[in-house]
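The values are calculated or read from the model by the stated rules, or taken from the named source; none is laboratory data. Keep in mind that what you see is a predicted model, and the values were worked out from it rather than measured. All Cβ positions, glycine included, derive from the backbone under ideal geometry; neighbour counts span all protein chains shown.
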Amino acid sequence: MTLALDRSCPAEALETVAPQPIPAVAGASLRVPLVTGGEIGYANLDHAASAPCLDAVRTAVDEFLPWYASVHRGAGFASQVSTRLYERTRDILRRFVDARGTDTVVFTRNTTDSFNLLARALPQNTSVVVFDTEHHAALLPWRGRNVRRVRLPRTRLAAVSIVDEALAGCPQGPRLVVVTGASNVTGELLPVAEIAAVARKHGARIALDAAQLAPHRRISLRELDVDYVALSGHKLYAPFGAGALIGRADWLRAATPYLAGGGATKLVTEEAVVWNSGPERHEAGSPNTVGVYALGVACEQLAARWDAVGEHEAELLERLRKGLAGIPGCAELRLFDAPVDRVGTVSFVVDGFEPGWLAAVLSAEYGIGVRDGAFCAHVATKRLIGVAGGDGQQAVRVSLGLGSTAEHVDRLVLALRQIAARGARWQYEKVDGRWAPVGDPRELPPFCS
């Protein structure tokens, strides 16, 4: 990666780069201590929460940092470099999601921030239709609006019909459908294109939560006929605090700025304020230039390797699901009754074992990182546990990514078999509501002190 200012990226570049192996991630050789003694290579199976940093992103950020300066209004050469990279990333993201030429790219902190921005930009009397099984980032920002939460049925066809009926019952005026691309609980893909077609029939717009989809699959706003897409850098192997809202400019251009302050203004007098009309309207304050640049680099890296990324994930997902199916008392959570396309995320419960305890044992005794809880999708998780025959509100989630290996998956499956057969080798207790080893002998790295 180079910072030369004459570096170009033509419109077709992301599609014409020759396929390459999957990108390497920071922490691939990380070793962690075990309560039973010794160390082991860390098995990161928690990519859906936050993905590790790509090596290429870390290298690019290190190269950029000496050039870092404030963007847009600085006369210094470093400021020109920063501005060029910041604005160039808008074009990278447009291509990454195959946006329309008139679509705008607003940089945010993450998907949650993006949807809160969009909620602030909705015209008066907008009706919002959203499945109640959405991640809280897509479920909660619309509160105070005319929101119709609909229950996600057990088939994809019925899901489309439910949205159709909900839109038909909305009052006249603007309408917005909000839908996730891939469930953060189960990894299953929702019928986004079909729902978008129904939205068009009713004159509604549709916003796509791509937080879990974007790291795994190509996205095309044009093909899906989606109006807005929100994504997060920390899910896309660029954990430097940047995200984006990409989509139609008119509602955003007409809305009161999301934040009031420098950068959002064109002119300020003693009597009035004239706001910018472009994406800067909603990017007040000094932007996260480093995070934005990192996000752009990550998107370029993924776009050049989609085939390899998909093959890597498909092999591991098949291996994982086959292994979990052989664990006594293990039940996988699923949104739909029939098998559907999915990304590498699987949530499950094991009869007789509390998810938080199980996750603690996997970490302390096997060096495996998983997620436990309700995954910021409380309604979905509780309901799907009930469908799976359980009565709890929390589960264990395994999420695969570029940092995952076959050994990680095999280690997890073996660990679950051993725990189911003989329990844990260490004693555990709840500390501040979380399970932890009693007298944990593991020491944190020096930089944590």
Single residue of the stretch 157-166 satisfying the filter (touching a helix residue (DSSP H, G or I) at 6+ places or on another chain (Cβ under 9 Å) and within 15 Å of Asp132 (Cα to Cα)) that is surrounded by the fewest Cβ atoms within 10 Å (Cβ to Cβ)
Val160
Looking at the stretch 70-85, is at least one residue within 22 Å of the chain's Cα centre (by Cα), in contact (Cβ under 8 Å) with a residue 40 or more places away in the chain and farther than 30 Å from Val163 by Cβ?
no
Here the residues within the stretch 106-121 that are closer than 19 Å to Thr180 by Cα and touching a helix residue (DSSP H, G or I) at 6+ places or on another chain (Cβ under 9 Å) are Thr108, Arg109, Asn110, Thr111, Thr112, Asp113, Ser114, Phe115, Asn116, Leu117, Leu118
Listed residues Thr126, Thr133; which is over 25 Å from Asp250 (Cα atoms), touching a residue at least 12 places away in the same chain (Cβ under 8 Å) and either surrounded by fewer than 14 Cβ atoms within 10 Å (Cβ to Cβ) or of a type in the set (S, T, N, Q) (or both)?
Thr133
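May I ask you to list the residues in the stretch 301-315 that are out of contact with any His (no Cβ under 8 Å at 6 or more places or on another chain) and of a type outside the set (Gly, Ala, Ser)?
Gln301, Leu302, Arg305, Trp306, Asp307, Glu311, His312, Glu315
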Would you confirm, using the coordinates I've provided, whether Phe115 is surrounded by 16 or more Cβ atoms within 10 Å (Cβ to Cβ), among the aromatic types (Phe, Trp, Tyr) and within 24 Å of Pro239 (Cα to Cα)?
yes
Does Thr126 meet the test of being touching a Leu at 6+ places or on another chain (Cβ under 7 Å) and over 24 Å from Gly291 (Cα atoms)?
yes
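Going by the conditions given, is Val179 of a type in the set (Val, Ile, Thr), within 24 Å of the chain's Cα centre (by Cα), surrounded by fewer than 24 Cβ atoms within 10 Å (Cβ to Cβ) and not in a loop (DSSP other than H, G, I, E, B)?
Answer is yes for this residue.
Could you identify the single residue in Gly38, Gly27 that is modelled with pLDDT under 95 and under 30 Å from Thr405 (Cβ atoms)?
The match here is Gly27.
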